[in-house]
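Q: Pasting a structure here, questions to come.
The values are calculated or read from the model by the stated rules, or taken from the named source; none is laboratory data. The structure displayed is predicted, hence computed values, not measured ones. Glycine also receives a Cβ, built like all others from the backbone with ideal geometry; neighbour counts cover every protein chain displayed. Just so you know, the surface numbers come from the protein's heavy atoms only, side chains and all, with ligands and any DNA or RNA stripped out. Shrake-Rupley method; radii C 1.70, N 1.55, O 1.52, S 1.80 Å.
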Amino acid sequence: MVRDVFLSGTLEPNVFVDVSDTIVRKADAILCHKSQLGETGEWFRTVVHERAEEAGRAVGVRYAESFRRIRTGQ
């Protein structure tokens, strides 16, 4: 039974996860998905860091990832 659904890329996040210790690994992992990203480069790594910094500022950490949590009511 699924109790919570977490959506990424939302405009109204209500859950933030501190990814400060894993931001480099996160960027590396995303860059491995070449067939889904098209052309990438170091600029893409910069974008990953900038978005994580923006989310981090919202909750007082260096880097964060934001999600919208939806409770299914179960």
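Q: Would you please name the residue that is nearest to Ile70 (Cα to Cα), looking only at residues in the range 1-57 that are at pLDDT 95 or above and small (Gly, Ala, Ser)?
A: Ala55
Q: Of everything in the range 23-36, what is open to solvent by 60 Å² or more (accessible area, probe 1.4 Å) and within 17 Å of the chain's Cα centre (by Cα)? Give them in sequence order.
A: Here is the first cut: in the range 23-36, the ones open to solvent by 60 Å² or more (accessible area, probe 1.4 Å) are 24-25, 28, 32-36.
Within the range 23-36, Val24, Arg25, Asp28, Cys32, His33, Gln36 qualify.
Q: Can you find, within the range 37-62, the residue that is nearest to the chain's Cα centre (by Cα) among those that are under 16 Å from Ser8 (Cβ atoms) and in contact (Cβ under 8 Å) with a residue 12 or more places away in the chain?
A: Among those that are under 16 Å from Ser8 (Cβ atoms) and in contact (Cβ under 8 Å) with a residue 12 or more places away in the chain, it is Ala52.
Q: Assess whether Arg62 counts as being open to solvent by 90 Å² or more (accessible area, probe 1.4 Å) and either farther than 30 Å from Met1 by Cβ or not charged (D, E, K, R) (or both).
A: Taking the combined requirement at face value, the residue satisfies it.
Q: Checking Glu39 against (1) touching a helix residue (DSSP H, G or I) at 6+ places or on another chain (Cβ under 6 Å); (2) surrounded by fewer than 10 Cβ atoms within 10 Å (Cβ to Cβ), which single condition isn't satisfied?
A: Of (1) touching a helix residue (DSSP H, G or I) at 6+ places or on another chain (Cβ under 6 Å); (2) surrounded by fewer than 10 Cβ atoms within 10 Å (Cβ to Cβ), only one is false for Glu39: (1).
Q: Find all pairs meeting these conditions: Cβ atoms under 9 angstrom apart; at least six residues apart or on different chains; first residue within the range 1-13 and more than 13 Å from Arg51 (Cβ to Cβ); second residue at pLDDT below 95 and polar (S, T, N, Q).
A: Met1/Thr72; Met1/Gln74; Val2/Thr72; Val2/Gln74; Arg3/Thr72; Arg3/Gln74; Asp4/Thr72; Val5/Thr72
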